Amino acid sequence: MRRTSIAPAADPGLAELAPDQRLRRLELTVTLRLNGLLHGQYRGLLPGPGSEPAGSREYRPGEDEVRRMDWAVTARTAVPHVRQVDADRELTTWLLVDASASMEFGTAELDKRELAVAAVAAVGFLTAGVGNRLGAQVLRADGVRRFPARSGRTHLLGLLRALLAAPRATGPGDQTGRTAPAPVGPPELADGLTALHRFANRRGLVVVVSDFLDGLPDNPDQPPPWERTLRRLAAQHQVLAIEVTDPRELELPDVGLITLVDPETGRRREVCTSDRQLRERYAEAATAQRDQIHQALRRSAATHLALRTDRDWSVDIVRHVHAQRRLAAAPAGALRGGAA
């Protein structure tokens, strides 16, 4: 079962920039706003596990991997320690980008798909470096498009250009509201993760950009179908889950009678948003759904970065990177003191 966001019908009169214009504006935004993070030899969205030894520190339960235990220092000090390492000089980053119909929605400056492309651009520029490679798989309504892992700015710009120029996923419904059966279903997020697990053989960084609405069970106690594979990826790689949302997916405005459209099936329903109880039930259900996603990501041991179409995505990314680096650099005692 694929659960999707129920979204107001998109405004067909919204003008869009040409892909090349959008790409230039996106590159300028990343360069200017993330410039402080792009300096230095070791840069990235997450502090990497690396391979160069750089001393030891006290073990932090629930945060450190047991396989990184420094047994010699542990035996000498009688206090559990883990090995510290510098970031790998050559990093392979794998992207899984959700470009399904549920991502074709937005009520702010960006829609969810454009925000996903911005996230891909940030990942690409922040992980760029000599020898570093970037590969991607894009889940589209017409199948999966794969980009081999390569290095260089030209490769990154080609990936972004392909994402911006890709045809929009409109779902099986047409403008009149009729619904036609799709001959082939869109690729599932779980299938994309499984394929990525086969390709990503060398330890590196895996970034999943999605709204994570795919296959959420009605029973919140049941894990979504993509959780198991995401957990397997996290056991081998660093995994960053970038969750893309829009404010209208979290609450309905009081604007009277509106038409809601399921972007995956094309089904439509008229709803009177003046009903306060209806808006409250919608907000409660949306909150429960997001909590379900967050719990699944936490169980998968993936680092979670939430981006919204009504917020400055570059600020959210900067805050996330700084928070991750402070967490990695802080001594265990300082963390315990801060928590107290």
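The values are calculated or read from the model by the stated rules, or taken from the named source; none is laboratory data. Since we're looking at a predicted model, the values are computed, not measured. Neighbour counts are summed over all protein chains in view; Cβ atoms, including those assigned to glycine, are modelled from backbone coordinates with ideal geometry. We work out accessible area using only protein heavy atoms, side chains counted, and drop any ligands, DNA or RNA first. Shrake-Rupley method; radii C 1.70, N 1.55, O 1.52, S 1.80 Å.
Report the antiparallel proportion of the DSSP beta bridges in the stretch 66-148 as a percent, rounded to a multiple of 5. Display every interim value, and only then the final one.
Numbers: 6 of 14 bridges.
Antiparallel bridges make up about 45 percent of those DSSP assigns within the stretch 66-148.
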Expected unfolding gain across L327-V66 under the 0.36 nm per residue rule, minus the alpha-carbon gap, is 92.2 nm
Given 239-249, 71-81, the highest-first ranking by average Cβ count within 10 Å works out to 239-249, 71-81
With every protein chain in place, the accessible area of R153 for a 1.4 Å probe, in Å² rounded to the nearest 10, comes to 130
One finds, for T154 and Q222 with R0 = 51 angstrom and r their Cβ-Cβ distance, a FRET efficiency to the nearest 0.05 of 0.70
Kirkwood Rh for the stretch 248-314 from C-alpha pairs, in Å, is 14.1
Here the net charge surrounding D291, from other residues whose Cβ is less than 13 Å away from its Cβ (Lys, Arg +1; Asp, Glu -1), is 0
In nanometres, the difference between 0.36 nm per residue of separation and the alpha-carbon distance of Q236 and R161 is 24.0 nm
For the stretch 235-251, in residue order, the Karplus 3J(HN,Hα) values (coefficients 6.51, -1.76, 1.60; θ = phi - 60°; whole Hz; Gly and Pro = x) are 6, 10, 10, 7, 10, 10, 9, 9, 8, 10, 9, 10, x, 6, 7, 9, 7
Given a Förster distance of 41 Å, the FRET efficiency implied by the Cβ-Cβ spacing of H304 and R279, rounded to the nearest 0.05, works out to 0.90
